[in-house]
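Written out below as structure tokens is the structure these notes cover.
The values are calculated or read from the model by the stated rules, or taken from the named source; none is laboratory data. Values in this document were obtained by computation on a predicted structure and should not be read as measured data. FYI the Cβ positions are ideal-geometry reconstructions off the backbone, even for glycines, and counts take in every protein chain you see. Ligands, DNA and RNA are stripped out before the accessible areas are found, and what is left, the full protein with its side chains, is counted by its heavy atoms. Shrake-Rupley method; radii C 1.70, N 1.55, O 1.52, S 1.80 Å.
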Amino acid sequence: MPAPNIDTIVSLAKRRGFVFPSSEVYGGLGSAWDYGPLGVELCNNVKQAWWRWLVYERDDVEGIDSSIILNRLVWKYSGHEATFNDWLIDCRKCKGRFRADKIVDNKCPSCGASDWTEARPFNTMLQTKLGAVADDDPTALAYLRPETAQGIFINFLNVQTAMRRKLPFGIAQVGKSFRNEVTPGNFILRTREFEQMEMEYFVSPTAEHSKLVDYWVEQYLEWFGSLGIDRENLYLYEVPKEELAHYSKRTVDIMYRYFPEREKPWEELMGIAWRTDFDLSIHSKNKVDEEGKRINPDSTEDLSYFDEPTKQRFYPHVIEPAAGVNRTVLAVLMDAYSEKTNDKGETRVILKLSPQLAPIKAAILPLAKNKPEIVGMAKAIKRSLQPVLRAVYDDTGGIGKLYARQDEIGTPFCITVDHQSLEDEAVTVRNRDTWEQERIKVSELAEHLQKRLKPYPVAPPETI
Ligand code: ATP
């Protein structure tokens with residue numbers, strides 16, 4: 001049973017230090033969120049799991065970290081300046097402003113009226129100015145990147161040459177992106193500042209591109225499974241031709257059931273797109289149109305690739321799995337949410353996070369905080385575990401309350417130090433999901449926990 005709705009997660013997230021509304025002391029900032037002590041750990045764990053899975057465990061993916069602000073020409077030639085638009089409509093009755101493609105049954109989400117203005121384009125790239133320049137100096141205009149992908153494309157040749165790569169291979173990047181969303185909302189699902197995990201997988205123009213899209217869809221379904229997301233809560237959406245982005249020949253979106261309470265519960269978690277050779281050729285100086293004219297007179301590089309076996313030079317095609325960190329975190333939290341009734345008939349929340357994602361792996365709790373020997377032993381255990389796993393010491397309440405708190409933040413193990421521990425050098429290890437307790441020797445504790453903290457298995461990648 002996942003969370004019944006996003007609001008349940010919003011309240012848990014604030015209460016327990018995962019996510020806070022941003023700028024609250026000044027009344028907040030619409031749809032901006034700050035990640036608290038547990039939220040930052042969860043985000044980092046998601047990003048690390050992704051990086052490990054793609055860059056370390058596979059042999060065909062490199063990582064990079066490009067600038068957020070790129071030369072404006074990147075966005076001119078990528079097509080973003082001309083086409084990265086949302087279609088805006090205004091409700092004539094309540095003056096509300098909305099994204100045209102998100103209106104259901106032609107009704108205004110605020111007042112229910114159906115009296116709309118004409119739809120008009122609105123470019124969603126966030127602008128800034130570089131240097132100490134006059135306000136109206138057009139040469140100072142720059143954009144905060146709306147996707148991490150372009151930073152990868154313009155570095156294709158650098159990475160390929162420096163790392164002596166042959167096709168097929170991928171380049172992965174994780175980082176912030178910015179979009180001036182018309183209607184942000186639904187907690188961390190749609191914000192103006194967010195984080196993406198994108199990978200551009202470069203292949204030959206004669207590869208079976210559609211099959212490769214299917215391959216990456218399957219790989220990501222596996223990966224989301226390893227994060228504890230139930231396959232039942234995921235749905236594949238084949239984007240119809242008329243909705244495809246200008247660079248895409250095929251896109252499959254993996255949707256998550258973010259709104260279980262609604263008739264239409266799905267929203268995009270990530271997309272897997274066949275971006276053709278659009279991006280590499282558009283940034284290349286040698287590419288010409290049908291009339292033999294250079295399509296990019298500003299570029300100083302040619303991002304083509306020489307294929308040794310066929311002695312051919314071409315612009316590689318790209319399969320792009322693009323996922324959001326924040327939407328993954330929200331899906332993980334919703335799927336991990338569960339409730340359990342204790343012996344006293346009280347309902348307890350348990351966040352059944354995959355151990356690899358849990359912000360804290362073990363909480364060390366002294367049964368009596370006024371006993372210096374017990375406190376000393378508990379703190380020493382915390383320090384000894386810390387080099388191998390994230391552990392905390394907590395004595396801020398009675399043991400029942402401390403257990404409940406750790407369950408609610410997804411800590412897989414609580415370790416209790418009691419009077420007996422001083423005698424037998426053993427502690428009680430309590431399992432978050434079963435509430436079962438085992439007595440374990442302190443000398444064997446680290447190994448005992450590490451064995452049980454392994455991530456859910458993910459199948460090894462099939463070779464392409
Ligand atoms: P949507 O249609 O929901 O606006 P999109 O199709 O524009 O999303 P992409 O351009 O495919 O999104 O971006 C890839 C991923 O980046 C998305 O699947 C999502 O996980 C994440 N993402 C995009 N926009 C946002 C946003 N405003 N807030 C949070 N995450 C986002």
Q) If you look at just the Cα atoms of region 55-163, how large are its Rg and its Dmax in Å? A) 19.9, 59
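With charges only on Cβ, +1 for K and R and -1 for D and E, what is the dipole size of the chain about its Cα centre, in debye, rounded to 20? All intermediate terms of the calculation are to be shown ahead of the outcome.
Details: 61 positive and 69 negative charges, 174 e Å.
The calculated dipole for the chain is roughly 840 debye.
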(Q) Which of rounded, prolate or oblate describes region 215-271 when judged by the alpha-carbon gyration tensor and an a/c cut-off of 1.5? (A) oblate
Q: Identify all lysines with a Cα-Cα distance to residue 344 below 21 Å; exclude those on the same chain that are fewer than 8 residues away in sequence.
A: 401
Q. Rounded, prolate or oblate: which fits region 400-451, taking a ≥ b ≥ c as square roots of the Cα gyration tensor eigenvalues, rounded meaning a/c under 1.5, else prolate when a/b beats b/c?
A. oblate
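Rule-of-thumb check for the chain: C-alpha Rg over 2.2 N^0.38 Å? All intermediate terms of the calculation are to be shown ahead of the outcome.
On the way: Rg = 25.6 Å, N = 464, 2.2 N^0.38 = 22.7 Å.
Normalised by 2.2 N^0.38 Å, the Cα Rg of the chain equals 1.13.
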(Q) Cross-link candidates for residue 107: which lysines have Cα within less than 25 Å, leaving aside residues fewer than 8 places away along the same chain? (A) 93, 95, 264
Q: State whether region 295-337 is rounded, prolate or oblate according to the following rule on the C-alpha gyration tensor (a ≥ b ≥ c being the square roots of its eigenvalues): a/c under 1.5 gives rounded; otherwise a/b larger than b/c gives prolate, and the remaining case gives oblate.
A: oblate
(Q) Just want the answer: with Cβ charges of +1 for Lys and Arg and -1 for Asp and Glu, which residue in 428, 186, 256 is farthest toward the dipole's positive end in the chain? (A) 428
Q: Name the long-range amide H neighbours of residue 258: under 5 Å, sequence gap of 5 or more, or other chain; modelled H, no Pro or chain starts.
A: 267
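Using alpha-carbon pairs under 8 Å, 6+ residues apart, how would you state the relative contact order of the chain in percent? Mind dumping the intermediate values first?
Details: 872 pairs, mean separation 63.9, N = 464.
Value for the chain: 14 percent.
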Q. Within region 135-251, what is the number of lysine pairs with alpha carbons under 23 Å apart, leaving out pairs fewer than eight places apart on the same chain?
A. 4
Q. Can you give the accessible area of residue 388, probe radius 1.4 Å, in Å² rounded to 10?
A. 70 Å²
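Highest mean first, what order results for 356-369, 61-74 on Cβ atoms within 10 Å? Don't skip to the end; give the middle numbers.
On the way: 356-369: 22.2, 61-74: 15.6.
Top to bottom by mean Cβ count within 10 Å: 356-369, 61-74.
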(Q) Counting only other residues whose beta carbon sits under 10 Å from that of residue 113, what net charge do I get with K and R as +1, D and E as -1? (A) +2
**Q.** Listed residue (295, 442, 168) projecting farthest to the positive dipole end of the chain, Cβ model
**A.** 442
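Heavy atoms only, probe 1.4 Å: what % of the accessible area of the chain goes to carbon and sulfur, would you let me know?
Details: 11230 of 22740 Å².
Heavy-atom surface of the chain belonging to carbon and sulfur, 1.4 Å probe: 49 percent.
For the chain, what does the accessible surface come to per residue with a 1.4 Å probe? Please give it in Å². Don't skip to the answer; put the middle values down first.
Details: 22740 Å² over 464 residues.
With all protein chains present, the chain gives 49 Å² per residue.
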Q. Which of the aspartates and glutamates could be linked to residue 285 by a straight reach, that is with a Cα gap under 20 Å, when you skip same-chain ones fewer than 8 residues away?
A. 81, 277, 298, 301, 302, 307
(Q) If you take every residue apart from residue 175 with its C-beta less than 13 Å away from the C-beta of residue 175, what net charge results, scoring Lys and Arg +1 and Asp and Glu -1? (A) -2
Q. Are there cysteines in the chain with no other Cys C-beta under 4.7 Å, and if so, which?
A. 43, 414
